[in-house]
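Working notes, structure below.
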2 protein chains.
Amino acid sequence: MKMADNVEGAPEAPAEKTNAQELSPTVLEVAARIAEEVDAMASQDHGIAGMTYFYDLAKGLYTTRVQELRAARQSGKKLVGVFCNFVPEELVLAAGAVPIRLCSGCQEPIATAEEVLPRNFCPAIKSSLGMLLANSPHFALADVLITPTTCDGKKKMAEVLAEHKPTWVLEVPHTTVTQPARELWLAEMRNLKKNLEEFTGNRITKKALRAAIELTNRRRALIRRLYEVRKRPAVPIWGRDVLLATNMWFHDDPERWVRQMELLCDEVEARKEGVRDDNAPRILLTGSPVILPTWKIPRLIEESGAVLVADEICTGAKVVWDPVYVVDWSMDEMMLALADRYLMNSCACFTPNRARIERLLQFVEQFKASGVLYHVLMGCYIYSIEARHIERSLMDKGTPMLTIETDYSTEDVEQIRTRIEAFVEMIQGQRAG
Amino acid sequence: MKMADNVEGAPEAPAEKTNAQELSPTVLEVAARIAEEVDAMASQDHGIAGMTYFYDLAKGLYTTRVQELRAARQSGKKLVGVFCNFVPEELVLAAGAVPIRLCSGCQEPIATAEEVLPRNFCPAIKSSLGMLLANSPHFALADVLITPTTCDGKKKMAEVLAEHKPTWVLEVPHTTVTQPARELWLAEMRNLKKNLEEFTGNRITKKALRAAIELTNRRRALIRRLYEVRKRPAVPIWGRDVLLATNMWFHDDPERWVRQMELLCDEVEARKEGVRDDNAPRILLTGSPVILPTWKIPRLIEESGAVLVADEICTGAKVVWDPVYVVDWSMDEMMLALADRYLMNSCACFTPNRARIERLLQFVEQFKASGVLYHVLMGCYIYSIEARHIERSLMDKGTPMLTIETDYSTEDVEQIRTRIEAFVEMIQGQRAG
């Protein structure tokens with residue numbers, strides 16, 4: 001791990017440029033789009049009281065949550081902006097810092113980012129950098145950014161981010177299966193620990209790291225509990241709601257998220273009625289990330305007569321699923337367990353990536369998925385190219401797959417709706433036939 | 001290093017599907033395009049006799065060269081297909097094998113590749129895979145393919161190649177500056193050596209490796225000699241010719257290439273007259289690779305009244321420039337020197353990539369370049385995003401830069417010509433003013 005190259009010279013000390021009352025027009029637009037999307041979900045959620053908390057959290061990402069983050073910073077805590085699923089939040093928490101997820105899902109700041117990044121870049125990269133350029137308070141509050149070398153886009157975006165903020169680059173190897181790659185990754189984890197300690201001034205103690213691992217494992221167990229009920233014939237909660245509550249993992253105080261997720265699980269487990277007829281097609285979502293407010297894919301799946309029963313995306317179950325297995329609670333063993341766990345990731349950045357096919361086939365069986373929707377963000381080469389292998393593996397098991405390539409605009413919504421409706425009808429037809 | 005994941009099961013034993021008399025229509029078209037481009041160059045080369053050898057070699061890539069490769073194979077040698085500049089040919093040669101460069105520069109096979117790869121992928125990736133699908137004899141003759149994880153495209157292309165041929169993936173780290181990354185790379189080099197020994201049945205001896213390093217260093221010294229004459233006010237050879245002769249490094253018997261390059265250097269060094277007036281704008285070419293037959297960028301630079309005086313591209317001087325520095329000729333030291341040398345690469349896949357800016361500034365000064373042309377292949381994110389930093393560094397030194405984004409089609413030739421002509425006129429205007 002190293003500081004990203006900053007060709008402009010050392011970045012200035014991070015400045016908090018905005019406050020909640022002074023959001024830029026772009027950030028206000030993004031907040032309005034989130035509110036619109038969330039209100040649409042809320043109006044159809046079959047009266048699940050436990051979702052209200054997560055809806056409000058999402059709607060307050062740039063207001064109430066920013067006030068909390070600002071208070072944390074004023075109390076002396078460091079705020080750490082992170083991308084992708086490769087930065088162990090256990091280490092950030094154990095250093096007494098607050099992680100903020102900065103991957104962005106909104107169209108509004110993309111035009112600004114295109115002045116700096118190539119137009120044909122993936123929208124997630126353009127939107128994330130665009131939010132920095134639009135003075136998003138999340139970026140303004142972050143004391144340091146950590147960018148993994150997940151894909152070409154993220155890797156080179158770090159060089160642009162470094163012009164604005166101190167940026168650490170975390171080297172993710174290209175493979176998980178060779179010993180040199182695993183050793184490189186363990187070295188990166190150890191460097192990250194050291195850098196966090198120096199940056200925060202807090203030593204990461206055995207006790208603090210164990211507490212952070214146990215807390216994060218509790219969160220993972222709750223995710224699995226919420227997904228478990230979706231294996232029932234009568235699925236008691238919309239998939240788009242589960243995806244929202246899961247996404248909020250990245251934006252909430254972890255202890256509070258645990259309490260609210262427990263309430264949601266209790267409520268949903270007790271519900272007998274399904275959101276749809278027991279015979280409705282059951283869709284599994286995979287591919288590129290789905291990030292608020294671009295919720296068109298999960299929404300269109302469920303507006304087309306199907307239920308979204310599970311997902312294998314990095315802003316959903318993909319990486320918050322498996323626990324960190326610690327053999328003994330020594331520092332060395334905890335670090336090794338964290339390194340192994342965060343490399344146990346079916347991201348398409350890895351080659352080979354058999355873990356992904358295996359997880360998908362397992363999920364199709366466990367969640368009785370009748371079809372798979374493969375979401376590709378335009379310009380996301382790594383997920384795009386894996387679609388062919390995945391489709392073939394699924395077809396071998398008799399599971400149809402639909403690939404939708406899209407971006408963060410709303411222009412293609414009706415076209416995508418038509419394609420998803422046809423896919424859902426095809427599944428229904430197969431059953432009737 | 002590892003075998004690429006082959007979801008189809010183990011590849012069949014490599015079969016030589018074509019012979020020189022039975023080229024597929026696509027390969028015939030490619031050969032015709034190369035001949036057309038080379039003939040156009042030859043007709044304007046100011047009578048440099050030493051270029052004839054390289055022209056003929058290029059025109060015979062799919063005929064005479066294939067006959068030689070076939071003969072080598074029939075004599076028991078293994079043929080090793082390689083991509084990018086990260087596979088040390090010293091190791092391949094020391095194992096008694098023949099390297100074949102498989103990066104492709106032709107439009108013709110792209111439509112076929114787009115049935116398998118995403119359309120917005122970079123043309124170099126699509127064209128290379130397309131040549132395999134079009135039964136290129138180079139692919140047919142290769143016993144094994146070695147694909148470095150240079151960019152997302154190359155990395156994921158390997159998974160498709162592995163459906164057709166045994167494919168080894170060489171893990172290139174994301175950075176050259178950290179110790180874990182250098183250790184990973186050294187481990188990859190050692191694995192490559194072991195794999196080549198097992199695959200060829202030939203042990204790589206100290207003597208053979210030393211001979212291969214010395215031979216390849218001689219080639220590098222000749223490249224520098226050929227470039228040296230271009231520092232003169234009267235540049236005695238077209239840059240497009242130099243680029244062709246350099247490119248042929250990847251396709252010729254190394255000993256023969258050395259003999260022919262010595263003749264060319266002798267001849268060019270003796271020439272006093274320049275291909276253009278001493279005051280003609282001097283252009284440095286950088287960015288994505290330029291591969292035959294897509295020669296439009298070097299050709300248009302020189303058809304617009306300028307001279308191409310140097311380049312920093314991976315099919316030109318970029319990686320064949322620096323020697324392998326060996327401290328002592330023990331096996332360990334040779335392997336370390338090779339590893340260090342092949343990581344000393346200013347490919348945009350690395351972050352940070354200051355080596356590139358430094359090399360460019362050095363070349364601008366040494367070759368007295370009056371402007372830089374930055375070539376971006378559409379969809380080549382890593383070179384695309386570095387353009388901004390590079391342009392700023394060059395502007396700080398008063399050197400203008402023109403970025404041209406293009407692909408392998410010929411449709412945009414006149415549009416690019418207009419832009420390059422305007423750039424060259426602007427440089428001339430600055431001088432006059």
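The values are calculated or read from the model by the stated rules, or taken from the named source; none is laboratory data. What you see is a predicted model, and the numbers here were worked out from it, not measured in a lab. All Cβ positions, glycine included, derive from the backbone under ideal geometry; neighbour counts span all protein chains shown. Heavy atoms of the whole protein, side chains included, go into the accessibility calculation; ligands, DNA and RNA do not. Shrake-Rupley method; radii C 1.70, N 1.55, O 1.52, S 1.80 Å.
Okay, residues lined up against (1) open to solvent by 50 Å² or more (accessible area, probe 1.4 Å); (2) within 18 Å of A:A158 (Cα to Cα):
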{"residue": "B:T351", "(1), (2)": "no, yes"}
{"residue": "B:Q366", "(1), (2)": "yes, no"}
{"residue": "B:Y381", "(1), (2)": "no, yes"}
{"residue": "B:H389", "(1), (2)": "no, yes"}
{"residue": "B:D396", "(1), (2)": "yes, no"}
{"residue": "B:V413", "(1), (2)": "no, no"}
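For the range A:264-292, the candidate set comprises residues that are of a type in the set (A, V, I, L, M, F, W, C) and over 22 Å from the mean Cα position of the chain (by Cα); within that set, the residue that is farthest from A:Y53 (Cα to Cα) is A:A280.
Do the conditions hold for A:V169, that is, is it away from chain B (no Cβ under 14 Å) and open to solvent by less than 20 Å² (accessible area, probe 1.4 Å)? Here the answer is no, as A:V169 does not meet what is asked.
On inspection, A:N191 qualifies as over 23 Å from B:K155 (Cβ atoms), part of a helix (DSSP H, G or I) and within 9 Å of chain B (Cβ to nearest Cβ).
Here is the figure for the range A:320-338: residues that are at pLDDT 95 or above, among the aliphatic types (A, V, I, L, M) and surrounded by fewer than 22 Cβ atoms within 10 Å (Cβ to Cβ) total 6. Taking the range A:117-156 as the range and being out of contact with any helix residue (DSSP H, G or I) (no Cβ under 8 Å at 6 or more places or on another chain), under 18 Å from A:V92 (Cβ atoms) and within 14 Å of chain B (Cβ to nearest Cβ) as the test, only A:T150 passes. Check whether at least one residue in the range B:99-111 is surrounded by fewer than 23 Cβ atoms within 10 Å (Cβ to Cβ), without any contact (Cβ under 8 Å) to a residue 60 or more places away in the chain and within 14 Å of another protein chain (Cβ to nearest Cβ), and report yes or no. No, the range B:99-111 contains no residue that is surrounded by fewer than 23 Cβ atoms within 10 Å (Cβ to Cβ), without any contact (Cβ under 8 Å) to a residue 60 or more places away in the chain and within 14 Å of another protein chain (Cβ to nearest Cβ). The residue of the range B:339-349 that is surrounded by the most Cβ atoms within 10 Å (Cβ to Cβ), among those that are within 14 Å of chain A (Cβ to nearest Cβ) and out of contact with any His (no Cβ under 8 Å at 6 or more places or on another chain), is B:A348.
Annotation for the range B:312-319: at least one member residue is over 22 Å from B:V38 (Cα atoms), buried (at least 17 other Cβ atoms within 10 Å of the Cβ), modelled with pLDDT under 95 and among the hydrophobic types (A, V, I, L, M, F, W, C). Does any residue of the range B:114-132 turn out to be in contact with a Cys (Cβ under 9 Å, 6 or more places away or on another chain), part of a strand (DSSP E or B), open to solvent by less than 10 Å² (accessible area, probe 1.4 Å) and touching a residue at least 24 places away in the same chain (Cβ under 8 Å)? For the range B:114-132, residues in contact with a Cys (Cβ under 9 Å, 6 or more places away or on another chain), part of a strand (DSSP E or B), open to solvent by less than 10 Å² (accessible area, probe 1.4 Å) and touching a residue at least 24 places away in the same chain (Cβ under 8 Å): absent.
In the range A:362-390, what residues are within 12 Å of another protein chain (Cβ to nearest Cβ), more than 20 Å from the chain's Cα centre (by Cα) and touching a residue at least 24 places away in the same chain (Cβ under 8 Å)?
Of the residues in the range A:362-390, the ones within 12 Å of another protein chain (Cβ to nearest Cβ) are A:376-390.
Next, only the ones that are more than 20 Å from the chain's Cα centre (by Cα) stay: A:385, A:388-390.
Residues satisfying the conditions are A:I385, A:H389, A:I390.
Tell me, please, whether a residue that is open to solvent by 10 Å² or more (accessible area, probe 1.4 Å) and in contact with a strand residue (DSSP E or B) (Cβ under 8 Å, 6 or more places away or on another chain) can be found in the range B:281-292. Yes; the residues of the range B:281-292 include at least one that is open to solvent by 10 Å² or more (accessible area, probe 1.4 Å) and in contact with a strand residue (DSSP E or B) (Cβ under 8 Å, 6 or more places away or on another chain).
Let's see how each residue does on (1) under 27 Å from B:P352 (Cα atoms); (2) within 14 Å of another protein chain (Cβ to nearest Cβ); (3) surrounded by fewer than 20 Cβ atoms within 10 Å (Cβ to Cβ):
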| site | (1), (2), (3) |
| --- | --- |
| A:K165 | yes, no, no |
| A:A208 | no, no, yes |
| A:R224 | no, no, yes |
| A:W238 | no, no, no |
| A:F250 | no, no, yes |
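Scanning the range A:295-308 for residues that are open to solvent by less than 20 Å² (accessible area, probe 1.4 Å) and either in a helix (DSSP H, G or I) or of a type in the set (V, I, T) (or both) yields A:K296, A:I297, A:P298, A:L300, A:I301, A:E302, A:V307. B:S393 satisfies every condition listed in (1) within 12 Å of another protein chain (Cβ to nearest Cβ); (2) free of Cβ contacts under 8 Å to residues at least 12 places away in the same chain except (2).
Here is the figure for the range B:172-186: residues that are assigned to a loop (DSSP other than H, G, I, E, B) and either at the interface with chain A (Cβ under 7 Å from one of its Cβ atoms) or not aliphatic (A, V, I, L, M) (or both) total 6.
Taking the range A:243-260 on its own, how many of its residues are part of a helix (DSSP H, G or I) and either without any contact (Cβ under 8 Å) to a residue 40 or more places away in the chain or closer than 16 Å to A:C103 by Cβ (or both)?
Going through the range A:243-260, the residues part of a helix (DSSP H, G or I) turn out to be A:243-251, A:254-260.
The next check asks that each one be either without any contact (Cβ under 8 Å) to a residue 40 or more places away in the chain or closer than 16 Å to A:C103 by Cβ (or both); those that pass are A:243-244, A:246-251, A:256-257, A:259.
Summing the residues that are part of a helix (DSSP H, G or I) and either without any contact (Cβ under 8 Å) to a residue 40 or more places away in the chain or closer than 16 Å to A:C103 by Cβ (or both) in the range A:243-260 gives 11.
Looking across the range A:39-77, just one residue is under 21 Å from the mean Cα position of the chain (by Cα), in a loop (DSSP other than H, G, I, E, B) and surrounded by fewer than 17 Cβ atoms within 10 Å (Cβ to Cβ), and that is A:T63.
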